[in-house]
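> I am attaching a structure below and will ask some questions about it afterwards.
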Amino acid sequence: VQKYGREPISLSTPLGEDGDSEFGDLIEDSEAIVPADAVSFTLLQEQLESVLDTLSEREAGVVRMRFGLSDGQPKTLDEIGKVYGVTRERIRQIESKTMSKLRHPSRSQVLRDYLD
């Protein structure tokens with residue numbers, strides 16, 4: 001490895017006595033999705049949806065929009081208020097009440113494993 005430290009080499013340069021592996025095999029793809037993380041994220045989404053299904057349609061909608069759960073873009077109280085035709089203060093009240101419901105052990109226990 002030290003002799004290669006000074007000169008650029010191809011990632012397809014054979015390594016080892018048999019040449020059965022290449023230099024590029026040793027380089028980690030830092031942007032690759034780790035399968036375990038992908039599965040965990042999918043399970044989290046499913047669990048979160050099951051918890052949101054226990055709320056009223058309006059409560060679940062406010063939480064989804066406020067935290068960007070549907071489209072990845074969190075919405076402001078004003079934006080959500082316009083969707084429902086109510087004031088931002090009313091949306092804040094709905095959000096507060098809903099978050100209290102979500103903190104109740106009967107709902108939060110389902111998601112507790114993902115918080116560690």
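A short reminder: the numbers here are calculations on the coordinates, not readings from a lab. The model shown is predicted, which means the values in this text are computed figures rather than measured ones. Ideal geometry is used to build each Cβ from the backbone, glycine not excepted, and the neighbour counts take in all protein chains shown.
> Counting Lys and Arg as +1 and Asp and Glu as -1, what is the net charge of the other residues whose Cβ lies under 12 Å from the Cβ of SER70?
Numbers: positive: ARG64, ARG66, LYS75; negative: GLU49, ASP71.
Once all neighbours under 12 Å are counted, the net charge is +1.
> Hey, with R₀ at 41 Å, roughly what FRET efficiency would ILE27 and GLU89 work out to, going by the Cβ-Cβ distance, to 0.05?
0.15
> Now for a different question. Counting alpha carbon pairs within less than 8 Å and at least 6 residues apart, what relative contact order, in whole percent, applies to the chain?
Once normalised by length, the contact order is 16 percent.
> Where in the stretch 75-116 does the amide nitrogen come within less than 18 Å of the point 7 Å from the Cα of ALA36, taken along Cα to Cβ?
Only 113-116 fall inside the zone, counting backbone N under 18 Å.
> Taking θ = phi - 60°, what integer Hz values does the Karplus form 6.51 cos²θ - 1.76 cosθ + 1.60 yield along the stretch 76-82, in sequence order, with x for Gly and Pro?
For the stretch 76-82, the Karplus-derived couplings read 7, 4, 4, 4, 5, x, 5 Hz, x marking Gly and Pro.
> Please give the helix 35-52 orientation as an angle from the longest Cα principal axis of the chain, in degrees from 0 to 90, rounded to the nearest 10.
The answer is roughly 0 degrees.
> How would you classify the chain from its alpha-carbon gyration tensor, with a ≥ b ≥ c the square roots of the eigenvalues: rounded for a/c under 1.5, else prolate if a/b is greater than b/c, otherwise oblate?
Prolate is the answer for the chain, as a/c is 1.5 or above and a/b outweighs b/c.
> Net charge within 12 Å of ARG92 by Cβ-Cβ distance, Lys/Arg positive one each and Asp/Glu negative one each, not counting ARG92 itself?
Surrounding charge for ARG92 is +1.
> Roughly speaking, what is the stretch gain from LEU111 to LYS97, that is 0.36 nm per residue apart minus the C-alpha to C-alpha distance, in nm to one decimal?
Here the segment from LEU111 to LYS97 would lengthen by 3.2 nm.
> Under 10 Å, Cα contacts only: if you run a Gaussian network model on the chain, which one of ASP78, ASP20, ASP37 comes out with the highest mean-square fluctuation?
ASP20
> To the nearest 20 Debye, how big is the dipole of the chain about its Cα centre, given +1 on the beta carbon of each Lys and Arg and -1 on that of each Asp and Glu?
Dipole magnitude for the chain comes out near 1440 debye.
> Okay, next question. Go through VAL34, GLY68, PRO105 and say which Cα lies farthest out towards the positive end of the charge dipole of the chain; charges sit on Cβ, +1 for Lys and Arg, -1 for Asp and Glu.
Result: PRO105.
> Which residue fluctuates the most in the chain, going by a Gaussian network model with Cα springs under 10 Å, if the choices are ILE94, ILE33, ILE80?
Evaluated over the chain, the most mobile residue of the options is ILE33.
> What FRET efficiency comes out for the pair SER10/LEU44, r = Cβ-Cβ distance, R0 = 35 Å, nearest 0.05?
0.30
> Counting only pairs 8 or more places apart or on different chains, how many lysine pairs in the chain have C-alpha atoms closer than 30 Å?
4
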